[in-house]
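Working notes, beginning with the structure itself.
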Amino acid sequence: MKALKTEQRNPRTSGLDRKSTLGILRVLNGEDARVAAAVRRELPKIARAVDAIVKSFRSGGRLFYVGAGTSGRLAVLDAAECPPTFGTPPKMVQAIIAGGQRAVRGAVEGAEDSAKNGARDLRKAGVKRGDVVVGLAASGNTPYVIGAMQFAKKHGAVTVGVTSNSRSPLAHAVNIAIAPDTGPEAISGSTRLKAGTAQKMVLNLLSTASMVRLGRVYENWMVYVALTNHKLRQRGARILQEASGATVSAAEQALRQSQHNLPVALVMLKTGANARDARQRLQQSGGNVRQALQSRASKTPSAPGKRK
């Protein structure tokens, strides 16, 4: 562990405990500012991972995140936000955390130390050929995550590792290694800081870019937002008006006719189709809004890229 950059002492934050509140914040913020550049250097590898995820989704595969501690909690957060943001089925993007659901709210001591448990939990999840499994571990040494990656690779899944140590066991155990060099932490070894921020940024990029490629975003509008509360219904109505150019009353009518399905309402407004034909267009396109707008409804729909 001593040789890992994430475990070394950071000379820029020496004397942190002697600084004023504002001084502490300036130092921490200065370290955080280095994270985006570290992630930017990994964009070609992140692009490879996104292409693998999109290929998997189009073939009916799933995306799994695996992590322990902070890494696992970040994984749970990203997976949980995909259905309400992009209208995806809950099982399309899943998170597996060492120690199970108890570990989301608190530490489960020793849960990350078993490689066998990592493999066991992926086996229970039914990981198979065609899926993509992303393992997250700041140090790259977490046995639970490495065991899961070894199981996933053995069973034909594409494996991706996200770590802040490019020479770690995790980086060597996966098909695609994403390793932002975030360097020593502001507080030595506290990888919930820069390394955790880098992981959150990478997860944002993986899921968001994949969903854009699948057509779950139109232009830069979140057209698959779940209209489940007052705020989101207001947001959805505004997005529909902006994306379609329709009046408030026309947008509201389309939402009612589509049973408050925003992508269906958008296709209706932009093509003149009725709700039934708009749904058919989206079904034919596998949910890709832009393709649905460019297609014609048919009586015998096929669904290229549609998840089974």
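Could you grab the pairs with beta carbons closer than 6 Å, sequence gap of 6+ or different chains, first residue in segment 255-266 and without any contact (Cβ under 8 Å) to a residue 40 or more places away in the chain, second one small (Gly, Ala, Ser) and part of a loop (DSSP other than H, G, I, E, B)?
264/258; 265/258
So for segment 203-215 (the condition being surrounded by fewer than 16 Cβ atoms within 10 Å (Cβ to Cβ), in contact (Cβ under 8 Å) with a residue 24 or more places away in the chain and within 30 Å of residue 59 (Cα to Cα)), does at least one residue qualify?
Looking through segment 203-215, at least one residue is surrounded by fewer than 16 Cβ atoms within 10 Å (Cβ to Cβ), in contact (Cβ under 8 Å) with a residue 24 or more places away in the chain and within 30 Å of residue 59 (Cα to Cα).
I need a count of the residues in segment 95-150 that are of a type in the set (Lys, Arg) and outside any helix (DSSP H, G or I).
Residues flagged as of a type in the set (Lys, Arg) and outside any helix (DSSP H, G or I) within segment 95-150 amount to 2.
Starting from residues that are over 22 Å from the mean Cα position of the chain (by Cα) and of a type in the set (A, V, I, L, M), keep the ones in segment 222-247 and report whichever is nearest to residue 293 (Cα to Cα).
Within segment 222-247, the match that is nearest to residue 293 (Cα to Cα) is 243.
Among 247, 228, 197, which is touching a helix residue (DSSP H, G or I) at 6+ places or on another chain (Cβ under 9 Å), open to solvent by 60 Å² or more (accessible area, probe 1.4 Å) and either of a type in the set (Lys, Arg) or in contact (Cβ under 8 Å) with a residue 60 or more places away in the chain (or both)?
When all the criteria are applied, what remains is 228.
Residues being open to solvent by 70 Å² or more (accessible area, probe 1.4 Å) and without any contact (Cβ under 8 Å) to a residue 40 or more places away in the chain: count how many of those fall in segment 23-41.
5
Assess whether residue 9 counts as being open to solvent by 80 Å² or more (accessible area, probe 1.4 Å), more than 18 Å from residue 204 (Cβ to Cβ) and touching a Pro at 6+ places or on another chain (Cβ under 8 Å).
yes
For segment 79-98, check the following and say yes or no: at least one residue is more than 29 Å from residue 181 (Cβ to Cβ), open to solvent by 30 Å² or more (accessible area, probe 1.4 Å) and without any contact (Cβ under 8 Å) to a residue 40 or more places away in the chain. Give the derivation first.
First pass over segment 79-98, keeping only residues more than 29 Å from residue 181 (Cβ to Cβ): 83-92.
Remaining after also requiring open to solvent by 30 Å² or more (accessible area, probe 1.4 Å): 83-85, 87, 89-91.
Right, trim to without any contact (Cβ under 8 Å) to a residue 40 or more places away in the chain and you get 90-91.
Yes: segment 79-98 contains one or more residues that are more than 29 Å from residue 181 (Cβ to Cβ), open to solvent by 30 Å² or more (accessible area, probe 1.4 Å) and without any contact (Cβ under 8 Å) to a residue 40 or more places away in the chain.
The values are calculated or read from the model by the stated rules, or taken from the named source; none is laboratory data. Nothing here was measured: the structure is a model prediction, and the numbers come from that model. Please note: Cβ atoms are built from the backbone with ideal geometry, for glycine as well, and neighbour counts cover all protein chains shown. Heavy atoms of the whole protein, side chains included, go into the accessibility calculation; ligands, DNA and RNA do not. Shrake-Rupley method; radii C 1.70, N 1.55, O 1.52, S 1.80 Å.
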